[in-house]
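The values are calculated or read from the model by the stated rules, or taken from the named source; none is laboratory data. All values derive from a computational prediction rather than experimental measurement. Don't worry about glycine lacking a Cβ; one is built from the backbone with ideal geometry, like all the others, and counts go over all protein chains shown.
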Amino acid sequence: MVSLAASGVCQFFLSSGEPILFKEGSGAIVTDTKGRSYYDFILGFGPVVLGHARRDFASLVQEQTTGAIHFPGYSEQHIDFLNAYFPDAYREHSAGYFKHSSDAITAASRLACKETGRTGLIRCGYIGWHDAQIGKSPRWHERLSSPHRGEIRPNSFTRGMGEREPVVNWIDLKIDSLRQMIDDAPGAYAALLFDAYQLSLMSPSHLREALTLCRDRGIRVVADETKTAGRVSPMGALAAAGLEADYIVLGKAIGNGAPVSLLLGPQAMATDYLEAKISGTYCKELLGVFAASATLHLMNALNGYSMLAGISERFRDVFNTAAANVGLGNQIYIELILGGSLFEVRFSDEFEVNLELRAKIPRIFADHGVLLLQGHPSFFCLSHADIDWADLSARIERALTASLPLFA
């Protein structure tokens, strides 16, 4: 049998100490090849926002896939979706299609470099796996209070981060630190690449000050809304907070699991694409467009954003009540972030520093049929509204009971 090359994220998918091989999904529940079922709060690490194998979604996509799915160039379907998705305020912008957001962020970085004539980048948050996006990256999903947040995880195989292409991390989210970074290398940085998740760690006014500082120094702002677009709001977390960026990357939830990402930029981006040589064969396929169109329709028709907020509050109460019932209410709890479409498993100060303990929690929960993450946000989908909440509560309580020795 051919072995599967897999990244470190697969460490989460263990049950009874064995790797989980998934087989089916329905609504908010997935099953594996051994017949075990799991309440899914990982949802492909965020893309699934409606639920698995929903008939309403599948029906809408099927209606559109009776014709061609890949033309030599872009089609009217590509234009129709952009006009349907973007609010009137963005009608004068340009947009490009990608299969995933790592490509879109790379494109935005190249465009910012072309615009400014600079080659340096300032990173804030996890912004993809390409070389300059991940090399020498810290633990971006740790809270500011965590001593682990600033730990740099070396990767000796990345490229494009030499003296001519400086890449720096804005880790502590302090304005003075950002200003010092810029002053230490005047005229070096083309863009601030900002993961919208980091907005959960600061106020909108604080971020507005940072964005203003960058623009005053000629630095473009790229908002990576991969985790948040189609979840927090159609345009993501910055738009929901009334903030603007020069380039916006949308992805994941906008297609309910289908690979599709959008890069939104200024009108001039249409011309800059040609000069910067940004392209890709599968940027023009239509399956992702059809999925995104169906997702947009259902999120609007079902009042999806309000539904997610209600689901998230119920889940938080169920989990935190279960933790209190087993005597762990002060040690582990759920915190809703960015409007409640995402959540974090949080720990008391005593256990937040214990990465070994924290790493065991998702595996214990998987053993009891609940898939969630720690050290990374977990997610909700609309299908969570229809789950057996009493059964979920019982599974959570059993998982927390099995975790008691870790907290002793």
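Quick one: which residue in His368, His384 is surrounded by fewer than 20 Cβ atoms within 10 Å (Cβ to Cβ), more than 24 Å from Asp195 (Cβ to Cβ), at pLDDT 95 or above and out of contact with any Cys (no Cβ under 7 Å at 6 or more places or on another chain)?
That would be His368, the only listed residue that is surrounded by fewer than 20 Cβ atoms within 10 Å (Cβ to Cβ), more than 24 Å from Asp195 (Cβ to Cβ), at pLDDT 95 or above and out of contact with any Cys (no Cβ under 7 Å at 6 or more places or on another chain).
Tell me, yes or no, whether region 47-59 has at least one residue that is small (Gly, Ala, Ser), over 22 Å from the mean Cα position of the chain (by Cα) and over 30 Å from Tyr189 (Cβ atoms).
Filtering region 47-59 for residues small (Gly, Ala, Ser) gives 51, 53, 58-59.
In the following step, the residues that additionally are over 22 Å from the mean Cα position of the chain (by Cα) were identified as 58-59.
Still in the running and over 30 Å from Tyr189 (Cβ atoms): 58-59.
So far as region 47-59 goes, yes, one or more of its residues are small (Gly, Ala, Ser), over 22 Å from the mean Cα position of the chain (by Cα) and over 30 Å from Tyr189 (Cβ atoms).
Can you say whether Ala185 is at pLDDT 95 or above and in contact with a helix residue (DSSP H, G or I) (Cβ under 8 Å, 6 or more places away or on another chain), as far as the supplied structure shows?
Numbers: at pLDDT 95 or above: yes; in contact with a helix residue (DSSP H, G or I) (Cβ under 8 Å, 6 or more places away or on another chain): no.
Considered against the rule, which asks whether it is at pLDDT 95 or above and in contact with a helix residue (DSSP H, G or I) (Cβ under 8 Å, 6 or more places away or on another chain), Ala185 comes out as no.
Report whether or not Val48 is closer than 25 Å to Gly236 by Cα and either touching a Leu at 6+ places or on another chain (Cβ under 6 Å) or crowded, with 18+ Cβ neighbours inside 10 Å (or both).
Working: closer than 25 Å to Gly236 by Cα: yes; either touching a Leu at 6+ places or on another chain (Cβ under 6 Å) or crowded, with 18+ Cβ neighbours inside 10 Å (or both): yes.
So Val48 passes the test.
Of these, Gly242, Gly257, Gly230, Gly236, which one is at pLDDT below 95 and under 20 Å from Leu342 (Cα atoms)?
Working: Gly242 fails: at pLDDT below 95; Gly230 fails: at pLDDT below 95; Gly236 fails: at pLDDT below 95.
Answer to the selection: Gly257.
Are any residues in region 259-290 buried (at least 17 other Cβ atoms within 10 Å of the Cβ) and free of Cβ contacts under 8 Å to residues at least 60 places away in the same chain, and if so, which ones?
none
Would you mind finding the one in Ala253, Ala309 that is part of a helix (DSSP H, G or I), assigned by TED's automatic domain parsing to the domain that holds Tyr39 and under 21 Å from Leu373 (Cα atoms)? Outline the logic, then answer.
Details: Ala253 fails: assigned by TED's automatic domain parsing to the domain that holds Tyr39.
Answer to the check: Ala309.
Among helices (runs of 4 or more DSSP H) lying entirely in region 29-135, which contain 1 or more residues that are out of contact with any Lys or Arg (no Cβ under 7 Å at 6 or more places or on another chain) and within 30 Å of Lys174 (Cα to Cα)? Reasoning before the result, please.
Working: elements: 55-64, 76-85, 101-116, 131-134.
Those helices (runs of 4 or more DSSP H) span 101-116, 131-134.
Are there any pairs, at least 6 apart or on different chains, whose C-beta atoms fall under 8 Å, with the first in region 83-111 and closer than 20 Å to Ile219 by Cα and the second surrounded by fewer than 20 Cβ atoms within 10 Å (Cβ to Cβ) and among the polar types (S, T, N, Q), and if so, which?
Here the result reads His93/Gln267; Ser94/Gln267, each pair linking region 83-111 to a residue that is surrounded by fewer than 20 Cβ atoms within 10 Å (Cβ to Cβ) and among the polar types (S, T, N, Q).
Among the residues of region 181-214 satisfying the criterion of being in contact with a strand residue (DSSP E or B) (Cβ under 7 Å, 6 or more places away or on another chain) and in a helix (DSSP H, G or I), which is farthest from Ile122 (Cα to Cα)? Spell out the reasoning first.
The initial filter retains those residues of region 181-214 that are in contact with a strand residue (DSSP E or B) (Cβ under 7 Å, 6 or more places away or on another chain), namely 181-182, 185, 188-196, 198, 200, 211, 214.
Applying the additional criterion that residues be in a helix (DSSP H, G or I) yields 181-182, 196, 198, 200, 211, 214.
Details: Met181: 9, Ile182: 9, Ala196: 14, Gln198: 14, Ser200: 19, Leu211: 12, Cys214: 10 Å.
Ranking the candidates gives Ser200 first.
Could you please let me know if Ala323 is touching a Phe, Trp or Tyr at 6+ places or on another chain (Cβ under 7 Å) and assigned by TED's automatic domain parsing to the domain that holds Ala390? Please lay out each step first, then the result.
Details: touching a Phe, Trp or Tyr at 6+ places or on another chain (Cβ under 7 Å): yes; assigned by TED's automatic domain parsing to the domain that holds Ala390: yes.
When the stated conditions are applied, Ala323 passes them.
Pairs please, first residue from region 154-168 and within 15 Å of Arg123 (Cα to Cα), second anywhere and in a loop (DSSP other than H, G, I, E, B), Cβ atoms under 6 Å, 6+ apart in sequence or on different chains.
Pairs that qualify, where the first residue is within 15 Å of Arg123 (Cα to Cα) and the partner is in a loop (DSSP other than H, G, I, E, B), are Met161/Gly135; Glu165/Thr119; Pro166/Ala188; Val167/Met161.
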